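Just so you know, all these numbers are worked out from the coordinates, no wet-lab data involved. None of the values given here were measured: they were computed from a predicted structure. Here Cβ is always computed from backbone atoms with ideal geometry, including for glycine, and neighbour counts include all displayed protein chains.
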Amino acid sequence: MPESKKCAHTACTCTVPEGKKYCSQICEDSKQFTSIKCDCKHQGCSAS
């Protein structure tokens, strides 16, 4: 079974499938910014 890992956005707590770094385009677009809140809007993200 493939192992899931955390989204690369520092404020996000979502997991991403193997081969992906970000859970959404929003997180990927925010990679150059330091933030304390995630705006991915995924239901399981505790940072939302």
Ellipsoid equivalent to the chain - semi-axes via the Cα gyration tensor, in Å: 17, 12, 8
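With +1 assigned to the C-beta of every Lys and Arg and -1 to the C-beta of every Asp and Glu, and no other charges, what is the dipole magnitude of the chain about the Cα centre in debye, to the nearest 20?
Numbers: 7 positive and 5 negative charges, 16 e Å.
For this selection, approximately 80 debye.
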For ALA8, residues with placed amide H under 5 Å, excluding near neighbours: TYR22, CYS23
